[in-house]
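Novice: Just dropping this structure here.
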Amino acid sequence: MRIVRTVRELRETVAAARAGGSTVALVPTMGALHEGHLSLVRAARAEHGFVVMSIFVNPKQFNEASDLAAYPRQEERDAALAEAAGVDLVFAPEAAELYPEGFATTVHVSGPITETLEGANRGAVHFDGVATVVSKLLIAATPDAAYFGQKDAQQIVVVRRMVADLGIPTRIVACPTSRDDDGLARSSRNVRLSAEERSRALAIPRALEAIAAAAAEGEADPVALRARGEAVLEGAGVDPEYLAFVDPDTLEAVPRVSEPTLCAVAARVGEVRLIDNVLLGVAPEQREESVK
Ligand code: AMP
């Protein structure tokens, strides 16, 4: 496995792989790899001959300087994990490689899909940063497909819109959320939770499970479903920033959970902001297919 730091080397390596007959997949990450990232690599590996992983802690998508500063960085460990999972090439640029002196362009996706949920709570800067860096990565790596995690469901909706609008010829693949045995969605930020915070954080997946169970029993009123989830969160002293029931494509609030509905939650536990979601109105065994 090679590690390159420049767009030029990335392009040359990808071109050589293509010349050898391989299709190319990209797995964009911010490093501090965990099993969730590696599940994306395995999905990419199953469908493509050449797998590129980008590792870049994108300063433009952080709305809090303290979160950027505290974001875990562990490149050597990441490289070993990436290689073992089947990555062929790691692209790990310095910030100046992607945002050189004079960089003045922002890719802005407008409308409800960026203004709600994470957009409403983290500000426009977050999805501007995501759209700008993902478009740069897709232009640099020109992959046939790029793999993203359903844990960041809104990010997938925004990236799909951007790719369609800009005519970027990359297929966007959504992969299921990978969870620890106790149900907590894997996240690079989880290492910052104390043992006590981690056990309180479990209220997040439990709240989603309670909501999914009530929805499966026929409860279709978002107000009633939210109350079920809030009871679980409150029991653990977790105060959600949002607990929303939205259309999975438009991200607009739904009046009833009659069609597939995304139930998305964000909450701070201690200093750590966590997000998670579940797709309602879809049989558990079909959830995976429904996000592809
Ligand atoms: P990040 O490094 O947090 O920017 O994440 C890089 C990619 O991995 C994104 O597409 C995330 O949605 C995805 N990802 C992060 N956590 C998980 C998880 N627990 N399960 C599946 N995908 C994940």
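Novice: What do you get for GluC sites (Glu not before Pro) in the stretch 1-109 restricted to DSSP loop and a cutoff of at most 15 other Cβ within 10 Å of the site's Cβ?
Specialist: Of the GluC sites (Glu not before Pro), the ones in loops of the stretch 1-109 whose Cβ has at most 15 other Cβ atoms within 10 Å are GLU64, GLU94, GLU101.
Novice: Still on this structure, please answer the following. Evaluate the charge dipole of the chain about its Cα centre and quote only its size in Debye, nearest 20, assuming +1 on the Cβ of each Lys and Arg and -1 on the Cβ of each Asp and Glu.
Specialist: The dipole magnitude comes to about 640 debye.
Novice: For the pair THR105/VAL191, report the inter-label distance in nm, with labels modelled 7 Å from Cα in the Cβ direction.
Specialist: In this crude spin-label approximation the distance works out to 3.3 nm.
Novice: If you don't mind, there's one more thing I want to ask. If you take every DSSP beta bridge fully contained in the chain, what fraction is antiparallel? Give it as a percent rounded to 5.
Specialist: 45 percent
Novice: Using only Cα atoms, tell me the angle between helix 153-166 and the longest principal axis of the chain; keep it within 0 to 90° and round to the nearest 10.
Specialist: 50 degrees
Novice: Also, quick follow-up: Cα axis of helix 203-216 to longest principal axis of the chain: angle in degrees, 0 to 90, nearest 10?
Specialist: Tilt relative to the chain: about 70 degrees.
Novice: I've got another one for you. Counting other Cβ atoms within 10 Å, keep those with at most 12, restrict to DSSP loop, and tell me which GluC sites (Glu not before Pro) in the stretch 210-243 are left.
Specialist: Filter output for the stretch 210-243: GLU217.
Novice: For the stretch 187-292, give the magnitude of the charge dipole about the Cα centre (Cβ charges: +1 Lys/Arg, -1 Asp/Glu; no others), in debye to the nearest 20.
Specialist: Dipole about the Cα centre, nearest 20: 400 debye.
Novice: Compute the helix-to-body angle for 124-141: its Cα long axis versus the longest principal axis of the chain, expressed 0 to 90° and rounded to tens.
Specialist: Taking Cα atoms only, the helix is inclined about 40 degrees.
Novice: Still on this structure, please answer the following. Over the stretch 188-290, with the other protein chains present, what is the accessible area per residue in square angstrom, probe 1.4 angstrom?
Specialist: Per residue, the stretch 188-290 has an accessible area of 48 Å².
Novice: Send over the semi-axes of the stretch 2-175's equivalent ellipsoid, whole angstrom and largest first, taken as the square roots of 5 times the C-alpha gyration tensor eigenvalues.
Specialist: For the stretch 2-175, the semi-axes come out at 24, 18, 16 Å.
Novice: How many percent of Cα pairs in the stretch 188-290 exceed 19 Å?
Specialist: The share of Cα pairs beyond 19 Å in the stretch 188-290 comes to 41 percent.
Novice: Take the Cα pairs of the chain, get the Kirkwood Rh, then feed it into Stokes-Einstein at 10 °C and 1.306 mPa s and tell me D in µm²/s.
Specialist: The calculation lands on 81 µm²/s.
The values are calculated or read from the model by the stated rules, or taken from the named source; none is laboratory data. Remember, it's a predicted structure, so these values are computed and weren't measured experimentally. Glycine also receives a Cβ, built like all others from the backbone with ideal geometry; neighbour counts cover every protein chain displayed. Note: accessible area is taken over every heavy atom of the protein model, side chains too, but ligands, DNA and RNA are not part of it. Shrake-Rupley method; radii C 1.70, N 1.55, O 1.52, S 1.80 Å.
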